[in-house]
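Undergrad: Sharing a structure below in structure tokens format, with a few things to ask.
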């Protein structure tokens, strides 16, 4: 007996998700959008420091300004978007950013911290670890388009 339409759809989704995760592994720099103090999106190119597939992505930033910048924006509004692109394939993610404050968890990222920028490493009070969690993904991979929604943890 053949596969049901539902089984075929699940396989296709799993396949495109795996390709999206592989694509992200190849992208060191991605774009990250926050919502600024005036309600407008603000997009930055940022270095991805770690990821768990495309469902969870980590970044570091500095809180140098109390008026604008990613750390301030995400402190005020967790809504975010991440986009990455390579060789004609792209993924756009929508989700939320959490500022990680637990020092045990932050400590796991100390080696990822730029010591030229943050003299005290991850313990520098201006060093902010950001965790993005995906709740929607739009894939354009190998000429195939799909949008999927996800439950956040």
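Undergrad: Test of understanding: among 21, 34, which residue is closer than 21 Å to residue 108 by Cβ and touching a residue at least 24 places away in the same chain (Cβ under 8 Å)?
TA: 21
Undergrad: Ok, one more. Quick one: count up the residues across the stretch 105-149 that are part of a helix (DSSP H, G or I), out of contact with any helix residue (DSSP H, G or I) (no Cβ under 8 Å at 6 or more places or on another chain) and within 24 Å of residue 76 (Cα to Cα).
TA: 1
Undergrad: Filter the stretch 54-98 down to residues that are surrounded by 15 or more Cβ atoms within 10 Å (Cβ to Cβ) and in a loop (DSSP other than H, G, I, E, B) and give me whichever is modelled with the lowest pLDDT.
TA: Among those residues, the one meeting the criterion is 63.
The values are calculated or read from the model by the stated rules, or taken from the named source; none is laboratory data. The structure displayed is predicted, hence computed values, not measured ones. All Cβ positions, glycine included, derive from the backbone under ideal geometry; neighbour counts span all protein chains shown.
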